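Just so it is clear, none of the values below were taken in a lab; they were calculated from the coordinates. The structure presented is a predicted model; accordingly, all values stated were derived computationally and were not measured. For neighbour counting, all protein chains shown are included, and Cβ atoms are generated from backbone atoms with ideal geometry for every residue, glycine included.
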Amino acid sequence: MYLLGAAGMGAWGFVFFALLDTRSFGVILVATTVGLVLHGAMYGPQAAFFAELFGTRVRYSGASIGYQLASILAGGLAPLIAVALLDAWGSTLPVSLYLLGMCLLTIVAVTLAKETRGVSLTGETGVVSASATPPGEEVRVPQ
């Protein structure tokens, strides 16, 4: 779902600005709604996805630091970068390309993230409980 949202948002940036240029309230409403749905596809599973990236001993701190740094570095700078690109080029195309670049970075990061299904939450080694694995499958925790 996260990858779908990132890919959709990367492509939608080009369509979004073209629809904004129509200056039609209904079209702008549709453009914004689609953008928010794509953003929701990423934001919905984001908390669980980020939390699973960290072991239980540092899960809250790790996810929190990740959120805060991303808010400052990416969220805080993105509007400034977008306005600078718009001002420098006089077009929304560079802004769309910037959005696409950030979405591609997101896709790479999500693709490289390790699957945590079957990994012990306690950090102990051994066989994960049978309830965490499909019937007949045994998952070993890396040592």
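Descriptive notes on the structure:
- Coupling constants for the range 69-81 follow from the phi torsions by the Karplus curve (6.51 cos²θ - 1.76 cosθ + 1.60, θ = phi - 60°), and in residue order they are 5, 5, 4, 6, 6, 8, x, x, 8, 4, x, 5, 5 Hz; glycine and proline get x.
- From least to most packed, judged by other beta carbons within 10 angstrom and beginning with the fewest, F49, F16 follow the order F49, F16.
- Label-point separation in nm, Q68 to Y98, each point 7 Å along Cα→Cβ: 2.6
- Stretched out straight at 0.36 nm per residue, the stretch from V34 to M1 would grow longer than its current Cα-Cα span by 10.4 nm.
- Sequence-ordered 3J(HN,Hα) estimates for the range 44-58 from the Karplus curve with 6.51, -1.76 and 1.60 and θ = phi - 60° stand at x, x, 4, 4, 5, 4, 5, 4, 5, 6, 10, x, 5, 5, 10 Hz, glycine and proline given as x.
- Each residue of the range 106-113 was assigned a 3J(HN,Hα) from its phi angle through the Karplus expression (A = 6.51, B = -1.76, C = 1.60, θ = phi - 60°), giving 4, 4, 4, 4, 5, 5, 7, 5 Hz with x at Gly and Pro.
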